[in-house]
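The values are calculated or read from the model by the stated rules, or taken from the named source; none is laboratory data. Predicted, not measured: the structure shown is a model, and the values here were computed from it. When we count neighbours, we look across all protein chains shown, and the Cβ atoms used for this are built from the backbone with ideal geometry, even at glycine.
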Amino acid sequence: MNHVAVGGGTGTREVEAVVVGAGQAGLSSAYHLRRAGYVPGRDFVVLDHSPRPGGAWQFRWPTLTYGRVHAMNALPGMELTGADPDRPSSEVIGEYFTAYERAFDLRVRRPVHVRAVREAGDGRLRVETDAGVWIARALINATGTWDRPFVPRVKGQETFAGRQVHTSRYPGPDAFAGERVVVVGGGTSAVQHLLEISRVASATTWVTRREPAFVEGPFDEERGRAAVALVEERVRDGLPPRSVVSVTGLPMTEEMRRARESGVLRRLPMFDRITPEGVAWDDGRSVAADAIVWATGFRAAIGHLAPLRLREPGGGIRMEGTRTARDPRIHLVGYGPSASTIGANRAGRAAVRDVRALLSRAREGGRDGRGAGPARGSAAGPRPVAR
């Protein structure tokens, strides 16, 4: 295979596959490519726009300690052991991802910003970035959602005299000491924000669009499968995915039970407008506020795939496993039902299985005379050993 690079690491390079994103899903995919015998940096490349290892975890607020993280599953081939539950999750998981990339020599290139993925004109894909262009037969997209925070549009939003902060830029509770704070959202992050802000704020108000569903008992495997099945049904139908958490309900903890008894978790319906002084409802109610915290979730960060026209009329991307139905060269991992740590691991393995089959067919077809399998070794390849 030819690799061409010009001036300062930019130019055009040819690889078999490109992995975009180096969070849980991207690293899992890279691991399985490596295990299948594909060589990092030569047969495939991992591009990550973040400044350092850790995926979206590196941007989480300091009070989200590792002990408060919901079911962080280890990456394939290397356990996360001995982590201090009182340390910030951003530090614990950042260090773990750093060690993982080194152990398996994944050679992640960062920071690299992928601008667009287009047809290359010869059956391959053209991945355009600020660090040059990669030409590839397959792309595994693992960009997650962190870069697309969602804030609903509400009448009067631009008139609010206080601060508006989304979860993606949540600074921690101390920034709201002594303030009147409205927290918007019905998910786990909203509850975590509310509980810790309530300890330092002069007043808190919790607002959700739908009545929160509190769930007693453990989140077991059966409940998890049922939740994933609901999300899978949406992406099979080409609808925008809902998060797995959105269909599981809020697991009731002792801390949440106490907060509900004390009135902190008393929910109000979504307000109708925002005023300079706070929020208001059409029935005449109003709440004064110094800050609004939008814990309203994220959307899939896949704008760079727009030139490929993958979306369905329903607004989502119809999926067949991890493959996009409109283009079998494109795999989405960490999207829809695989947007969890255990789901991302499984999706990475499944995507690589399909990518290997696609590359094998391309090699047998011999469209351009280049081999499509690993440059050395068999397709089974040697399993890398953690150093």
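Residue-level check: of (1) modelled with pLDDT under 95; (2) outside the structural domain of residue 310 (by TED's automatic domain parsing), residue 123 misses just (2). Within segment 321-340, the set of residues being modelled with pLDDT of 85 or more and over 20 Å from residue 118 (Cβ atoms) comprises 321, 322, 333. Taking segment 144-167 as the range and being modelled with pLDDT of 95 or more and either of a type in the set (Ser, Thr, Tyr) or touching a Leu at 6+ places or on another chain (Cβ under 7 Å) (or both) as the test, the residues that pass are 159, 167. Can you confirm whether residue 209 is closer than 17 Å to residue 271 by Cα and under 25 Å from the mean Cα position of the chain (by Cα)? For residue 209, the condition - closer than 17 Å to residue 271 by Cα and under 25 Å from the mean Cα position of the chain (by Cα) - is met.
Exactly one residue among 347, 280 is of a type outside the set (D, E, K, R) and closer than 29 Å to residue 14 by Cα, and that residue is 347.
Screening the candidates 132, 94 for the property of being on the phi > 0 side of the Ramachandran plot and not assigned by TED's automatic domain parsing to the domain that holds residue 275 yields one hit, 132.
Considering (1) touching a helix residue (DSSP H, G or I) at 6+ places or on another chain (Cβ under 9 Å); (2) among the hydroxyl-bearing types (Ser, Thr, Tyr); (3) without any contact (Cβ under 8 Å) to a residue 12 or more places away in the chain, the lone condition that residue 89 does not fulfil carries the number (3).
In segment 245-270, the residues that are closer than 15 Å to residue 184 by Cβ form Cβ pairs under 6 Å with partners that are at pLDDT 85 or above and among the β-branched types (Val, Ile, Thr), at six or more places apart or across chains, as follows: 267/208; 268/207; 270/207. Just a yes or no: is a residue in segment 29-36 at pLDDT 95 or above, over 16 Å from residue 95 (Cβ atoms) and touching a Pro at 6+ places or on another chain (Cβ under 6 Å)? Scanning segment 29-36 turns up at least one residue that is at pLDDT 95 or above, over 16 Å from residue 95 (Cβ atoms) and touching a Pro at 6+ places or on another chain (Cβ under 6 Å).
Taken across segment 101-120, residues that are touching a Lys or Arg at 6+ places or on another chain (Cβ under 8 Å), free of Cβ contacts under 8 Å to residues at least 24 places away in the same chain and closer than 24 Å to residue 305 by Cβ do occur, with at least one present.
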